[in-house]
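Heads up, the thing below is written out as structure tokens.
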Amino acid sequence: MAPPAGFIARAIARSFISGVMPEPEQVVKFILLAIMLPLALIALIFAGPIVIFKHVPMAMPGIVQMYVEAAKEVTASTKSPCDDGVELINWQQMIAIDAVRLKQDFKNVTKSRTESLAESFIEQVGT
């Protein structure tokens with residue numbers, strides 16, 4: 001006895017659909033990825049500038065120049081005929097220290113403040 005035509009058609013349709021259609025778990029993963037990826041991208045777009053503003057010292061070029069000059073002057077003051085003095089004081093570390101101390105508000109920075117900070121990087125160990 002031959003199987004009915006409808007039975008064969010349903011069997012072919014099931015095998016075709018199961019071969020083309022992904023598993024339900026894969027569909028759920030794809031939907032979650034399609035939702036979460038744009039949300040993560042938007043979060044990064046907004047979070048990036050906030051993190052930079054909060055954690056990277058933002059000083060005007062004139063103020064940065066005061067730190068550079070103070071580092072050079074204090075470094076030069078350690079030189080003598082018998083000694084080459086200290087290596088160049090790292091002005092970037094000076095700005096980072098003052099950024100924390102001043103809470104990113106560089107309006108009150110003076111030349112004497114930068115020089116005293118640069119001098120704190122030097123320790124006299126002999127004569």
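Quick notes
- Condition check for Leu37: in a helix (DSSP H, G or I), within 15 Å of the chain's Cα centre (by Cα) and over 30 Å from Met94 (Cβ atoms): no
- The listed residue being at pLDDT 90 or above and at negative phi, out of Val68, Val56, Val28, Val51: Val68
- Subset tally (residues that are assigned to a helix (DSSP H, G or I) and either surrounded by 13 or more Cβ atoms within 10 Å (Cβ to Cβ) or in contact with a Phe, Trp or Tyr (Cβ under 7 Å, 6 or more places away or on another chain) (or both)) for the range 93-127: 14
- Test: residue in the range 89-102 that is in contact with a Ser or Thr (Cβ under 6 Å, 6 or more places away or on another chain), without any contact (Cβ under 8 Å) to a residue 40 or more places away in the chain and either among the small types (Gly, Ala, Ser) or closer than 22 Å to Pro61 by Cβ (or both): yes
- Test: Leu88 is loosely packed, with under 15 Cβ neighbours inside 10 Å, out of contact with any Lys or Arg (no Cβ under 6 Å at 6 or more places or on another chain) and in a helix (DSSP H, G or I): no
The values are calculated or read from the model by the stated rules, or taken from the named source; none is laboratory data. All values derive from a computational prediction rather than experimental measurement. For neighbour counting, all protein chains shown are included, and Cβ atoms are generated from backbone atoms with ideal geometry for every residue, glycine included.
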